[in-house]
Structures are given as C-alpha cells and as structure tokens.
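S.K.: My structure is below; once you've seen it, I'll send some questions.
The values are calculated or read from the model by the stated rules, or taken from the named source; none is laboratory data. Remember, predicted model here, so these are calculated numbers, not experimental data. Glycine also receives a Cβ, built like all others from the backbone with ideal geometry; neighbour counts cover every protein chain displayed. Remember, those area values only see protein heavy atoms, side chains included, never the ligands or the DNA or RNA. Shrake-Rupley method; radii C 1.70, N 1.55, O 1.52, S 1.80 Å.
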Amino acid sequence: MVSLTTLSLESNYRDQNGYFTWGINGELPIELGKLKNLQHLRINDNYLTGTLISEIGQLFLLETLHLQNNFLQGPIPEVYSNCVMLKEVLLEDNSIDSQFGMPEGICRLP
C-alpha cells in the first residue's frame, strides 16, 4: 500500500438495491498518514465523523483532498500546509469550525 497514489472511496451511501445507507462511517484513520505516495484522497459523500486528522499533513505529495458531505468537525489543522502540492480541497457540508478559517499556510500554497 505504500505505493498507492489514489484512494477513492466516495459516495458509498447506496446499497446494491439503490437504497440510501450510511456508507463508510467512523473517524478518519490516522494510518492515512502512512500513505506517503498518496496524491488523491477522495472520501466524500459518506458518514465520516470526528475531526480532521493532522496525519494528512504528512502526505507531502497530496494534490486532491475531497472530504465534503460527511459529518466531520473542528478546525482545519495548520499542518495541512505541509501538503505543498495541494491543488484542490473540498470540505463543504461538514461542521468544520469556520471561526479560525483556512489556515494561513494553506492560503499561501501555489
């Protein structure tokens, strides 16, 4: 799994008959930080809960981060600015703490 570049688990909210289910649920696993070659992380449209984990900040090659339409909460960790290749971050339709806004380091990414 170390060489994995794309993890796409989006829209897992329909069962085999097309009925609504809760999809992937639970918290983001901290083990995601071990996927050092990951460029695209898409786990949107599920039932993820808990906070945004700081371990995502260890994914220096990450270009795409799609976590929208879940039940995540809390602030966006400043360490996400370590992901210097980030081009697209989608976090809408969660309970992300907007009191602190987008970390300044992320706003300076190219």
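S.K.: Given bins 10 angstrom wide, list per bin the percent of all Cα-Cα distances in segment 35-100, short to long.
M.R.: Whole-percent P(r) values from 0 Å outward: 23, 56, 21, 0.
S.K.: What trypsin sites (Lys or Arg not before Pro) in segment 24-110 are in a loop by DSSP, with at most 14 other Cβ atoms within 10 Å of the Cβ?
M.R.: Lys36, Lys87, Arg108
S.K.: Right, another one. For segment 41-110, give the magnitude of the charge dipole about the Cα centre (Cβ charges: +1 Lys/Arg, -1 Asp/Glu; no others), in debye to the nearest 20. Each step should come with its number before you reach the end.
M.R.: Working: 3 positive and 9 negative charges, 29 e Å.
Value, rounded to 20: 140 debye.
S.K.: Can you put Glu88, Glu104 in order of accessible area, largest first, using a 1.4 Å probe?
M.R.: Glu104, Glu88
S.K.: In segment 45-110, if the dipole is taken from +1 on Lys/Arg beta carbons and -1 on Asp/Glu beta carbons about the Cα centre, which of Leu72, Thr51, Ile106 is farthest to the positive end?
M.R.: In segment 45-110, that residue is Ile106.
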